[in-house]
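Structure first, commentary second.
The values are calculated or read from the model by the stated rules, or taken from the named source; none is laboratory data. This structure is a prediction, so every number in the text was calculated from the model and none was measured. All Cβ positions, glycine included, derive from the backbone under ideal geometry; neighbour counts span all protein chains shown.
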Amino acid sequence: MTLVDRFSRAAARGVSRRGFMTRLGLGVTALVVSPRDFVLRPVTAYEAICGPASSCNDGYTVFCCTINRGLNRCPPGHFVGGWWKADNSVFCCDDSGAPSARYYIDCHSRCTPGGDCTFGFCNDGDYGCSCRCHDGDTCDQRLVCCNKFRYGQCNTDIDCSGPVTCRVVTCIPPYRNIDSCGTSLRSDNYTANQSAPCLEGACT
């Protein structure tokens, strides 16, 4: 099926002009973010926009905007535990418009008062969330409150935490905006084009 066929089919389903333009915009974004998947594989524009590893089984944590009322920030009662850098992300551009670095910030749940801690993490039941797959109406079906892992460059005074609840993304190094974060670099370039429908699209 050609790209024209795809967009023509969307128009032929009886959607409004606004609805068609929304789908067209998603399709164009999908072409920029994940052209091979969108053109060659039977995936929706939303699935292409979410990028790689968008299912629960892939093991990555959900984006905060997916579970935090569309807000790209840590939910109430959470704290920033660390961050990493992913190079060549289509969601961040340098001055020339070329793909640039994107930064992922882990939001951890806090331990309940009086809870026990083992190897830097609250014991199960001693934090305010439970491990699950996100099951909302979006392709971002990643894990919520499951990954017991901490990069540890931020809020080093908090020595015990719950698992990572969700991730925040930014094109600005976290240590420039978050006083509690240090500059020690960690990287995972595989995450560069992971995304969610509630996040901003590729930069132009």
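Looking at GLY97, GLY128, GLY162, GLY136, which one is touching a residue at least 60 places away in the same chain (Cβ under 8 Å) and closer than 22 Å to GLY59 by Cα?
None of the others qualify; the one that does is GLY136.
Where in segment 29-99 are there helices (runs of 4 or more DSSP H), lying fully within it, with 1 or more residues that are in contact with a Gly (Cβ under 9 Å, 6 or more places away or on another chain) and at pLDDT 95 or above?
64-67
Taking GLN141 as the residue in question, decide whether it is modelled with pLDDT of 95 or more and more than 14 Å from TRP83 (Cα to Cα).
yes
What residue, among those in segment 53-83 that are crowded, with 19+ Cβ neighbours inside 10 Å and of a type in the set (S, T, N, Q), is nearest to ASP126 (Cα to Cα)?
By that ranking, first place goes to THR61.
Do you know which of the residues in segment 167-181 that are within 24 Å of TYR127 (Cβ to Cβ) and either aliphatic (A, V, I, L, M) or touching a Phe, Trp or Tyr at 6+ places or on another chain (Cβ under 6 Å) (or both) is surrounded by the most Cβ atoms within 10 Å (Cβ to Cβ)?
Result: ARG167.
Take the conditions in a strand (DSSP E or B) and charged (D, E, K, R) and apply them to ARG176. Does it pass?
no
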